[in-house]
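S.K.: Quick one: the structure is below, questions incoming.
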Amino acid sequence: MPSKRVAEQEAGAPARADPPAPTVRATLLGTGTSTGVPVLGCDCAVCTSDDPRDQRLRSSCHLVVRPRGPGGCDDDAVHLQIDTGPDFRRQALRYGVERVDAVLYTHAHFDHVTGLDDLRPFFFQNAAPAPCFARPHTAKVLRRMFPHVFVHDDYPNASNLELHEITEDALAGVGRFAYLTDASAIPDASFDQLDGQVDTLVIDALHRRDHPTHFSIEEATRAARRIGARATYFTHLTHSVRHAEEEPRLPEGIHLAYDGLRLQVEGGKALRAVESER
Ligand SMILES: [Zn+2]
Ligand SMILES: [Zn+2]
């Protein structure tokens, strides 16, 4: 028996509308480059600034995703963690991360993975292993760095996390929210994937100067314009960026992120993102 939907399509009836995109609440747990800001031993104006927006822990992001869109209730919410850098434990305490249902690793650099061990308390009581998603190379590095978490023969019952290898590229997109970190270029195919799909974009930008493996502020601005998100936030910032000076220089719709920034991306027809109080 064909399903009702197939039967309708065979009969020439219009396909049903797609379900609404999920509503996403993103908390930027850290917005600093690999050293964090202040940089140890540095007494520059940014490292000694008393503006809290100039103090940057290592970059990561926590998402609360409500699959049914604005009408979804808290019980439906899925809590996704993107990267767990060396500051993850402190960030989870500071910003009230109470639950992690799944983790996505963007890549295997130290500033994005070394807090992985601090995930274990979230999963002690789980009946089923919680999934960690990573591309094959990253998964290989994680298994080597954290054998007590992933090599269960050596450390029985040590943790309740399971690695899943994914083949997609490093773009992390959920609903109308996209998070791109540690990039210095975006392939055309990825631009096509993002084109017109993103309401709120978080993208890495180190500072004004060029860098071989990261976007500069100018390059990230060009990439953001091409993606065309309604609002873009720069992350993975160095101590060359003083928030109060740089923010007013950015074009409309583009902002500097800061630690603790919360972004609400509504998934229904009326797309709306709200920058909430720190
Ligand atoms: Zn400094
Ligand atoms: Zn990084």
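S.K.: Restricting to bridges with both residues inside segment 25-143, how much of the DSSP beta-bridge set is antiparallel, in percent to the nearest 5?
M.R.: The antiparallel proportion sits near 65 percent.
S.K.: What full-extension length gain, to one decimal in nm, is calculated for LEU40 and GLU165 as 0.36 nm per residue of separation minus the Cα-Cα distance?
M.R.: 41.5 nm
S.K.: OK, next. Restrict the search to segment 71-147; then list the trypsin sites (Lys or Arg not before Pro) that DSSP places in a loop and that have at most 15 other Cβ atoms within 10 Å of their Cβ.
M.R.: ARG99
S.K.: Arrange HIS148, HIS62 by Cβ neighbour counts within 10 Å, fewest through most, would you?
M.R.: Taking fewest neighbouring Cβ atoms as first place, the list is HIS148, HIS62.
S.K.: Provide the packing ranking of 24-35, 178-189, 239-250, 200-211, i.e. peptides ordered by the mean count of other C-beta atoms within 10 Å per residue, highest first.
M.R.: The packing order, highest mean first, is 24-35, 200-211, 178-189, 239-250.
S.K.: Assuming 0.36 nm per residue, please report the length gained on full extension of the stretch VAL141 to GLN197 beyond their Cα-Cα distance.
M.R.: 17.0 nm
S.K.: How large is ³J(HN,Hα) for each residue in segment 222-231, as worked out from phi by the Karplus curve 6.51 cos²θ - 1.76 cosθ + 1.60 (θ = phi - 60°), to whole Hz, x for Gly and Pro?
M.R.: Result, ordered by residue: 4, 4, 4, 5, 5, 5, x, 5, 5, 9 Hz.
S.K.: Test of understanding: ordering CYS132, CYS42 by Cβ neighbours within 10 Å, fewest first, what list do you get?
M.R.: CYS42, CYS132
Values quoted throughout were computed directly from the atomic coordinates according to the rules given, and no laboratory measurement underlies them. Computed from a prediction, not measured in an experiment: that's the story for all the values here. When we count neighbours, we look across all protein chains shown, and the Cβ atoms used for this are built from the backbone with ideal geometry, even at glycine.
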